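In what follows, a structure is listed as structure tokens, so that the remarks can point back to it.
The values are calculated or read from the model by the stated rules, or taken from the named source; none is laboratory data. Because the structure is predicted, anything quoted here is derived from the model rather than measured. Here the Cβ is made from the backbone with ideal geometry for all residues, glycine too, and neighbour counts use every protein chain on show. Note: accessible area is taken over every heavy atom of the protein model, side chains too, but ligands, DNA and RNA are not part of it. Shrake-Rupley method; radii C 1.70, N 1.55, O 1.52, S 1.80 Å.
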Amino acid sequence: MTASVRLDWGTTYQVTVLELGLACCGVEVMAALDRLPDLGVVPVEGAGEAHVLIVSGTVTDAMLPAVLASYEAMSEPRYVISVGACSNTGGPYWDSYSVTKGIDQLLPVHVAVPGCPPRPEALLEGLKALHKLVHA
């Protein structure tokens with residue numbers, strides 16, 4: 001998918017994204033963020049402005065309350081994209097006592113982007129998959 005392709009979200013609101021970069025996957029997500037406005041998606045800094053939550057990296061039990069609070073503060077409709085092996089399943093740290101074994105156990109994940117870490121283009125493909133899901 002190239003930056004010149006704009007996703008028609010078919011909404012009267014702006015599709016806004018809050019990115020929680022919790023570990024190395026967050027770096028890959030940040031690399032993709034500058035391409036998002038070209039796709040009709042705008043990164044925001046506050047959860048109250050966001051419709052899409054991107055959770056990337058290792059979610060520790062200590063960080064989990066902040067992730068859940070961010071989700072609860074989001075505007076409706078709200079969607080979750082889980083990026084990377086750690087966010088999806090706990091990754092190589094799955095057997096640690098302090099790592100959440102996948103954010104999907106606590107939040108409704110609409111799209112899971114695999115990889116350790118996934119390339120920035122993988123996030124863009126994840127957004128494309130979310131677009132298809134929303135317009136199915």
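Per residue, how many Å² of accessible area does the chain show with a 1.4 Å probe?
Accessible surface, normalised per residue, equals 49 Å².
So, R0 is 22 Å and r is the distance between the beta-carbons of CYS24 and GLU72; what FRET efficiency does that work out to, to 0.05?
0.25
What is the ratio of the Cα radius of gyration of the chain to 2.2 N^0.38 Å, where N is its residue count, to two decimals?
Against the compact-globule rule of thumb, the ratio is 0.98.
Calculate what fraction, in whole %, of the accessible area of the chain sits on carbon and sulfur atoms when a 1.4 Å probe is rolled over the protein chains.
In the chain, the share of accessible area belonging to carbon and sulfur is 57 percent.
Assuming 0.36 nm per residue, please report the length gained on full extension of the stretch SER98 to GLU45 beyond their Cα-Cα distance.
16.4 nm
Sort 51-58, 32-39 for me by packing, meaning the mean count of neighbouring Cβ atoms within 10 Å per residue, highest on top.
51-58, 32-39
Can you tell me what share of the DSSP beta bridges in the chain is antiparallel? A percent to the nearest 5 is fine.
5 percent
Could you give the nm distance between label points at ALA129 and LEU106, where each point is 7 Å from its Cα heading toward the beta carbon?
The answer from the label model is 2.2 nm.
Which order do the peptides 98-111, 16-29 take when ranked by the mean count of other beta-carbon atoms within 10 Å per residue, highest first?
Per-residue Cβ counts within 10 Å, averaged per peptide and sorted highest first, yield 16-29, 98-111.
Take each of the peptides 74-82, 86-94, average the number of other beta-carbon atoms within 10 Å over its residues, and list them starting from the highest.
By packing density, highest mean first, the sequence is 86-94, 74-82.
Going 7 Å from the Cα of CYS116 along its beta-carbon direction, which residues of segment 58-85 have the amide nitrogen within less than 18 Å of the resulting point?
The answer is 58-60, 82-85.
Quote the charge dipole size of the chain about the Cα centre in Debye, to the nearest 20; the model charges only the Cβ of Lys and Arg (+1) and of Asp and Glu (-1).
With only Lys, Arg, Asp and Glu charged at Cβ, the dipole is about 260 debye.
For the chain, take the longest principal axis of its alpha carbons; what is the angle in degrees between that and the long axis of helix 24-33, to the nearest 10 within 0 to 90?
Approximately 10 degrees, to the nearest ten.
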